[in-house]
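Read the structure below first, then the notes.
The values are calculated or read from the model by the stated rules, or taken from the named source; none is laboratory data. Note that the coordinates shown come from a computational prediction; the quantities given were computed from them, not determined experimentally. Please note: Cβ atoms are built from the backbone with ideal geometry, for glycine as well, and neighbour counts cover all protein chains shown. For accessibility, only protein heavy atoms count, side chains too; no ligands or nucleic acids. Shrake-Rupley method; radii C 1.70, N 1.55, O 1.52, S 1.80 Å.
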Amino acid sequence: MKKTITGFHAIEERLRFYKSKNLEKNTAIRYSLYFDTKGPRIKKILSEATKLNIQSKQVSKAELNQLVSGLSDFAREHRGLVLIIEGEKDEKKENVDLTAFLSTLSVSKEEKEESIVVVLDSISDPQNVGAILRSADQFGVDLVIAPKRESALESEIIDRTSSGASAWVAMAVVPNLVRAVEELKKAGYWIYGADAGGKNLKEIAFEKKVCLIMGSEGKGISRLLKENCDEIVSIPTEGKLDSLNVSVAAGILLYEIKSSIL
């Protein structure tokens, strides 16, 4: 598997991930950096790569453009630095098995009574997914769940928008979100759905094990998922627009949940 990463923050986090997991010892995984000019930020990144014995190579801007030619317009903005990752499929914290995750959590429940899981219900913009993953990393979310279908999973955009947080946040991609939520319920999670018509956020005392469902940008939470919610929660606002952007709303809700359950 070959992956192309752009964006200084995303590349820096990937190098941190490489270091923390001792990927240098894994001969099946190869990180390579390509750059055209050595600005201050790029010099700093290249210096860290050298310490990790990661190969770096100076190339022309045209060659960098060719390396990112298959990416989206957003991800093609390389700013003079591109990271190529090969063979990392089994090392990244993605495609976590939900049942195995819950089993592991159950074994360690005496050490970790609090837990947060975020469910993304058909969010179509990968930049929103990336921003949510960044908030998930900051507020200690244990797992993010997304559906295999009708979900934005373009990894290069997510890596860049999340500023590399996607390397750290565990993610489960499941065939059926309703069944996933039912599993979480059985494991003791309280299910909260984010919706503009719900109960005021300030009036809710969140449980210790929280599953937060964020609905799609246009339609919100699907009917079947909403029926599985124990509580519908709403952020009080005073603006003229209908609602907050889904990634902004997720950040606010996660902050409040984390503050409440600690």
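A Cβ-based charge dipole, computed about the Cα centre of the chain with Lys and Arg at +1 and Asp and Glu at -1, lands at about 940 debye. Close amide H contacts of residue 115 (hydrogens built in the peptide plane, cut-off under 5 Å, sequence separation of 5 or more or a different chain): 209, 210. Taking each residue as 0.36 nm, the span from residue 38 to residue 245 lengthens on full extension beyond its C-alpha to C-alpha distance by 70.9 nm.
Quick query: amide H of residue 233 versus all other amide H atoms, modeled in the peptide plane; which residues come in under 5 Å with a sequence gap of 5 or more or a different chain? Under 5 Å from the amide H of residue 233: 193, 194, 195, 199. The C-alpha atoms of the chain define a longest principal axis, and helix 126-138 lies at about 80 degrees to it. Ranking 139, 11, 50 by how far each Cα lies toward the positive end of the dipole of the chain (charges on Cβ) leaves 50 at the top. Take every Cα pair under 8 Å whose residues are at least 6 apart in sequence, average their separation, divide by the length of the chain, and the relative contact order is 21 percent.
Which one of 115, 124, 103 has the biggest mean-square fluctuation once the chain is modelled by GNM with Cα springs under 10 Å? Looking only at 115, 124, 103, the biggest GNM fluctuation is shown by 103.
Whole-Hz Karplus values for region 10-19 come out as 4, 5, 4, 5, 5, 5, 4, 4, 4, 5 Hz, taken residue by residue from phi with 6.51 cos²θ - 1.76 cosθ + 1.60 and θ = phi - 60°; glycine and proline positions read x. Electrostatic bookkeeping for residue 254 treats Lys and Arg as +1 and Asp and Glu as -1; over the other residues with beta carbon under 11 Å from its beta carbon, the sum is 0. Any chance you could give the angle, 0 to 90 degrees and rounded to 10, that helix 246-261 forms with the longest Cα principal axis of the chain? For helix 246-261, the angle is close to 70 degrees.
Over the C-alpha atoms of the chain, the Rg to Rh ratio, Rh being the Kirkwood estimate, stands at 1.01. Solvent-accessible area of the chain (1.4 angstrom probe, protein heavy atoms only): carbon and sulfur portion equals 46 percent. Amide H to amide H, with H built 1.01 Å from N, residue 36 comes under 5 Å of 59, counting only residues 5 or more places away or on other chains. Sites listed here are GluC sites (Glu not before Pro) in region 175-223 whose DSSP assignment is loop and whose Cβ has at most 14 other Cβ atoms within 10 Å, and the list is empty.
Extension gain for the segment residue 25 to residue 95, taken as residue separation times 0.36 nm less the Cα-Cα distance, is 22.9 nm to one decimal.
In region 116-262, taking the dipole from charged Cβ atoms about the Cα centre, the farthest positive-side position among 261, 157, 119 is held by 261.
Here the Karplus relation 6.51 cos²θ - 1.76 cosθ + 1.60, evaluated at θ = phi - 60°, turns the backbone of region 232-237 into coupling constants of 9, 10, 10, 8, x, 9 Hz, with x for every Gly and Pro.
For region 195-257, the convex hull drawn through the C-alpha positions has a volume of 89 cubic angstrom per residue. Taking a ≥ b ≥ c as the square roots of the eigenvalues of the Cα gyration tensor, an a/c ratio below 1.5 marks region 120-262 as rounded.
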